[in-house]
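Encoded as structure tokens, the structure appears first; notes follow it.
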């Protein structure tokens with residue numbers, strides 16, 4: 001005797017029930033990936049700004065004679081090229097005494113939407 005199948009639409013019902021569950025999981029994953037992409041861009045800009053500041057420190061240690069022309073009103077802006085970011089490094093005189101200069105080195109990295117800024121103070125002997 002042949003048995004009749006009573007659960008012909010069971011697989012179709014499972015597939016239809018799984019579609020909303022899968023779409024909810026995808027919505028949660030897409031929100032998390034958007035947040036992760038933003039954090040990654042922000043961290044990359046922070047690192048670029050730190051590297052611009054470090055390159056200014058290296059320039060200042062190698063070009064001590066050029067620091068003699070620094071005034072508080074006239075900082076030295078170093079050109080930094082990057083293919084998709086705007087990077088700037090600025091060296092400004094904060095103060096000086098008879099033996100040393102106190103300078104501030106600022107590094108800035110700017111994207112189309114975000115901006116990061118790092119500054120450090122450095123004491124340079126005459």
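The values are calculated or read from the model by the stated rules, or taken from the named source; none is laboratory data. Here the structure is a predicted model, which means the values were calculated and not measured. A quick note on method: Cβ atoms are made from the backbone with ideal geometry, for glycine too, and the neighbour counts reach across all protein chains shown.
Of the set (1) surrounded by 10 or more Cβ atoms within 10 Å (Cβ to Cβ); (2) at pLDDT below 85, all apply to residue 9 but (1).
Which members of region 68-92 meet the condition of being under 14 Å from residue 126 (Cβ atoms) and in contact with a strand residue (DSSP E or B) (Cβ under 6 Å, 6 or more places away or on another chain)? Result: 70, single match. Candidates are the residues of region 96-121 that are modelled with pLDDT under 90 and touching a strand residue (DSSP E or B) at 6+ places or on another chain (Cβ under 9 Å); the one that is farthest from residue 41 (Cα to Cα) is 99.
Against the condition at pLDDT 90 or above and either touching a strand residue (DSSP E or B) at 6+ places or on another chain (Cβ under 6 Å) or more than 19 Å from residue 125 (Cβ to Cβ) (or both), how does residue 15 come out, does it pass? Judged against the criteria, residue 15 is not a match. What pairs come out if I take residues in region 89-118 that are touching a residue at least 60 places away in the same chain (Cβ under 8 Å) and on the phi < 0 side of the Ramachandran plot and pair them with residues that are surrounded by fewer than 16 Cβ atoms within 10 Å (Cβ to Cβ) and in a strand (DSSP E or B) whose C-beta lies under 7 Å away, six or more apart or interchain? Listed by first residue and then by second, the contacts come to 110/86. Among the residues examined, residue 21 does not qualify as surrounded by 10 or more Cβ atoms within 10 Å (Cβ to Cβ), out of contact with any strand residue (DSSP E or B) (no Cβ under 9 Å at 6 or more places or on another chain) and more than 15 Å from residue 124 (Cβ to Cβ). Test residue 43 against the stated conditions and say whether it is closer than 15 Å to residue 122 by Cβ and surrounded by 10 or more Cβ atoms within 10 Å (Cβ to Cβ). Considered against the rule, which asks whether it is closer than 15 Å to residue 122 by Cβ and surrounded by 10 or more Cβ atoms within 10 Å (Cβ to Cβ), residue 43 comes out as no.
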